[in-house]
Every structure is written in C-alpha cells, then in structure tokens.
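To keep things clear, I will list the structure first and then write my remarks on it.
Throughout, read-outs are computed from the coordinates displayed, never taken from laboratory work. Being a predicted model, the structure only gives us computed values, none of them experimental. When we count neighbours, we look across all protein chains shown, and the Cβ atoms used for this are built from the backbone with ideal geometry, even at glycine.
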Amino acid sequence: MRGFLTYLGVFVVAVVVAQLFVFDSVKVSIYFSPLVYIAFVALLPVGMRPVAVLLLGFATGMFVDFFEGTGGAHTAATLLTAYSRRWMMIATLGRDTVDEDTGMPSIALLGGKRFMRYAALLTGVHCLAYFSLEALTWTNYNLVVVKSAVSGVFTLLAVWAVSLLFTVKSHKRG
C-alpha cells in the first residue's frame, strides 16, 4: 500500500502539476495542446480493479478541470479513457498479459511495439474525446481531428518518456 501511495503522490506532483503549470503555458499554435496528465491513467498497474481506475481517472480529470476551468471536459475524457482502458489493454497486449497482473505497463515489461500500440490507442481515444468536447460541435471536425493528431503525438511521446523515467527508477532500486 505504501508503494501505491508513493506512486500516486509522484504522479500527482510530477504529471498533473506539470500539466497545469508547464504544459498549459506552452502555446505554440492552436493545434498544440499537450495532455500529459493522461500518463497517470495509462501507467496505472495492469491488475488494478476497474472501479479504482475509474475513481482515479475521475479524480485526475476533476483536478485538472478545477484548475483550468474547463467545465468537465477533462473529467469526461479521462473517465472514457479509464473506462475503456482494460479493453484497449486486451486488444493491444493480449488477454494473457492483462490477466497476469504484471505491474505497471512499461516499455521494459511489454516491449517497445506493444507498449506504443497500447499508449497510442489510449492517447488517441483521450485526445479525440477531449477535443470533441472542447469544440462542442462537429461542424469543425477537421479542427478536432488535426488538434487530436498534433496533440496526440506529443502526448504519446510524454507518456513514453514518463514510462521510461519510472522504469529506470524501478530498475535502480532492484
């Protein structure tokens, strides 16, 4: 339990706070809005109970919404991502990997290709959901798709970097 609380604390400080104070300040263009906080949901332990994943996803989205004033868009997108996470894991990693309770999904554990497929699918769903809610209309679906693609690439790279950071940290301890 202590390890999980440490994990939770590091993610809240490192990922969500970085999202709020660093990545939200980055304004390269209207198409670039990195959503780095999704790494929290993506890198939760594989065997975590679905209810816990949903509650943590809800809390993460609410935290970001509270500080950004986005009226629930982050919460709804994060909840959708947390809800579909198990099926995305089964589709990309295989049922055997998901049922084994292998720990945190990482490049070291799953391999580069499998991890990137999982993270790309999760990031894509999250970005499409968030930017669709942000636009609140399908008349500008081209803008939603472009923003999702551009932001999704950076978000995927951030999830990959956070995964490497935690993998390196865990290997140094062992």
Problem set entry | Selection status of PHE67, closer than 21 Å to THR155 by Cα and touching a Pro at 6+ places or on another chain (Cβ under 7 Å) | no
Seminar exercise, completed: How many residues of region 32-67 are of a type in the set (D, E, K, R) and within 24 Å of GLY103 (Cα to Cα)? The answer is 1
Problem set entry | Residue under evaluation LEU110, criteria (1) closer than 18 Å to TYR37 by Cβ; (2) of a type in the set (A, V, I, L, M, F, W, C); (3) touching a helix residue (DSSP H, G or I) at 6+ places or on another chain (Cβ under 8 Å), criterion not met | (1)
For this session: Return only the number of the condition from (1) of a type outside the set (Ser, Thr, Tyr); (2) within 14 Å of the chain's Cα centre (by Cα); (3) more than 22 Å from MET116 (Cα to Cα) that GLU68 does not satisfy.
Result: (2)
